[in-house]
Amino acid sequence: MITNKKLDLKIINGNVLLTTATGELKELKTDLGITNGIISSIGELKTTESEKTFEASGLHILPGLIDTQVHFREPGLTHKEDLESGTKAAVLGGITAVFDMPNTNPSTTTRELFNEKVNLIKNRAWCDVGFYIGGCAENANQLAELEQMNGCCGVKIFMGSSTGSLLVDDDIKLDLILKNGIKRIAAHCEDEARIKERKSIAIEGKSVRYHHIWRDEETALIATQKLIHYAKKNKRPVHVLHVSTAQEMEFLAAYKNWATVEVLPQHLTLSTPECYERLGNFAQQNPPLRNAGHVAALWKALSKGVVDIIGSDHAPHTIEEKKREYPSSPSGMPGVQTLVPIMLNHIHEEKLTLKHFVQLTSVNPSKIFNIKGRGFINIGAPATLTVVDLKAEKRIENSWIASRSAWTPYDGMKVTGWVTSTIIRGQIIMQDDTLIKDKQGQLLEFEARSS
């Protein structure tokens, strides 16, 4: 499409991933015209006037990438992270929107606490944000109403690895929560009873090398099977977070009508025992990193379409906290800033294609969670874009990390593939690892979902 109207921004000579009429992604070398934050034209724009021109030769223009699992720790735990620092890390890593988790202090389980978090992003968020409401026994009967709050992406439950009211560790609680509401339930699947029963393995071992033995494959599988049982019983869609085992993937492949599946870059990249020998407690997370056989099984599930989404599970802790004696050391690692370069490196290694990656980090999150105006590049769509150089060779270093935690498990890793720019509603927020525009983040909007 050619336009004679002066544009706010034109992006020329880029390899653009467009969405076809059938919903598939198509790569086309073309130009994009942007007016008032909206894509107003697609096609030859070399002679069209524009306030600003972005030369994208050799670069790929993707529909803005989304990280559907982050823990930005605000309120209550802001010495680790907050919404400002977390969203800054996101845009530096090419992420244009995030879903923030409810395990803050206090936990996000009421309308008042949810709205407090919404207010906290005003003039502070670098990228767009949606929030989970935490599901628990105390609010189960209100969840159908709470999940409809503006900016709510869904309900999050912890079947293990949590404390206080957020821990959903028995069948009655789980059944009650899944009965109330229609939005997708996102679940951390580890069986709390088995975690408690086997904790002596970690206490007596006194080494992070026992972490994946303590919280073994069966711990994850029991909880995942229980979740699917109650999802079917209540006809409620669920999203199984950070699946880490071959057994879960084999099981979930038969239940795609009820469950969508997430996998993390770290579970696709790091494996035992090497990760514990090299990183020590900095490799500790829940569910744990596992051996090369499980890593291979995750890649196989991804290639076969069992995996729907890649999220980071960005869960920062300070260096001092991670150095505590195991098992008193906290589980979790930062990841929102490294998700894209780690996966671009896997694309370079031909483990997946760029189109598949965009499906997992933009198209599918938008469809699964009904995000308004995201997941595609078309005329009339918001100009929220991630620009990448598939050939750039870089080294990930702690000094690049914007998270308050100030570290990454990938420190020193060489990668091929890097984010060159993050664009939100036509505004270039980040270019060449530098923030060049002030914060533009807003609350995500979600389409209504019928039961």
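Just so it is clear, none of the values below were taken in a lab; they were calculated from the coordinates. Every value quoted in this text rests on a predicted model; they were computed, and no experiment measured them. Heads up, the Cβs are rebuilt from the backbone with ideal geometry, glycines too, and the neighbour counts pull from every protein chain shown.
Assign unit charges at the C-beta atoms only (+1 for Lys and Arg, -1 for Asp and Glu), then state the dipole size of the stretch 65-368 relative to its Cα centre in Debye, rounded to the nearest 20.
Taking the Cα centre of the stretch 65-368 as origin, the dipole is about 460 debye.
So for D169, D308, D433, D438, fewest C-beta neighbours within 10 Å to most, what's the order? Write down the numbers at each step before the final one.
Details: D169 16, D308 21, D433 12, D438 9.
In order of increasing Cβ crowding within 10 Å: D438, D433, D169, D308.
So for the pair E116, E445, with labels modelled 7 Å out along Cα→Cβ, what separation do we get in nm?
2.8 nm
Indicate the gyration tensor shape class of the stretch 347-386 (rounded, prolate or oblate), computed on the Cα atoms with a ≥ b ≥ c the square roots of the eigenvalues: a/c under 1.5 is rounded; otherwise a/b larger than b/c is prolate and the rest oblate.
It comes out oblate by the Cα gyration axes.
Can you compute the charge dipole magnitude of the stretch 208-359 about its Cα centre, using +1 on each Lys and Arg Cβ and -1 on each Asp and Glu Cβ, nothing else charged? Give it in debye, rounded to the nearest 20.
Details: 17 positive and 15 negative charges, 111 e Å.
In total the dipole reaches around 540 debye.
Under a Cβ-Cβ cut-off of 15 Å, what is the net charge of the residues other than H229 that fall near it, where Lys and Arg count +1 and Asp and Glu count -1? Intermediate values should be presented prior to the final figure.
Details: positive: K173, K179, K226, K232, K233, K235, R236; negative: D170, D171, D175, D191, E248.
Once positives and negatives cancel, what remains is +2.
At 0.36 nm per residue, minus the direct Cα-Cα distance, what do L28 and Q431 gain on full extension? Give it in nm, one decimal, please.
Extra length available between L28 and Q431 comes to 142.8 nm.
Using amide H atoms built in the peptide plane, which far-off residues or other-chain residues are under 5 Å from C153 H to H?
So C153 has HN proximity to F131, Y132, I133.
Quick check: residue separation of E138 and T47 times 0.36 nm, minus the Cα distance between them. What number comes out in nm?
Gain on stretching E138 to T47: 26.6 nm.
When the dipole is taken about the Cα centre of the stretch 67-186, and only Lys, Arg (+1) and Asp, Glu (-1) are charged at their Cβ, what size is it in debye, to the nearest 20?
Taking the Cα centre of the stretch 67-186 as origin, the dipole is about 240 debye.
Considering the options A292, T361, G335, tell which one lies farthest towards the positive end of the dipole of the stretch 276-376, charges being +1 on Lys and Arg and -1 on Asp and Glu at the Cβ, about the Cα centre.
T361
If you plug each phi of the stretch 42-59 into the Karplus form 6.51 cos²θ - 1.76 cosθ + 1.60 with θ = phi - 60°, what whole-Hz ³J(HN,Hα) values come out, in order, with x for Gly and Pro?
Calculated HN-Hα couplings, in order: 9, x, 4, 10, 4, 9, 7, 5, 8, 4, 8, 10, 10, 7, 10, 4, x, 9 Hz.
Can you pick out the pairs among K88/K394; K117/K351; K80/K235; K80/K367; K117/K394; K232/K367 whose Cα atoms lie more than 28 Å from each other?
Too far apart for the 28 Å limit: K117/K351; K80/K235; K80/K367; K117/K394.
Among T48, V70, S405, flag the residue with its Cα farthest along the positive direction of the charge dipole of the chain, charges on Cβ as +1 for Lys/Arg and -1 for Asp/Glu.
Farthest towards the positive pole: T48.
Could you sort 396-406, 361-371 so that the peptide with the highest average Cβ count within 10 Å comes first and the rest follow in order?
Result, highest mean first: 361-371, 396-406.
Is there a pair in K122/K304; K323/K355; K52/K372; K52/K156 whose C-alpha atoms are over 32 Å apart, and which pairs would that be?
Correct reply: K122/K304; K323/K355; K52/K156.
Could you put F158, F446 in order, starting from the residue whose Cβ has the fewest other Cβ atoms within 10 Å?
With the fewest neighbours first, F158, F446 line up as F446, F158.
Towards the positive end of the charge dipole of the stretch 65-368, with charges on Cβ (+1 Lys, Arg; -1 Asp, Glu), say which of I201, L92, S165 has the farthest Cα.
L92
For the stretch 251-274 and the stretch 383-449, write down the distance between their C-alpha centroids in whole Å.
Result: 24 Å between the Cα centres.
Taking just the alpha carbons, could you work out the radius of gyration and Dmax for the chain, both in angstroms?
21.2, 73
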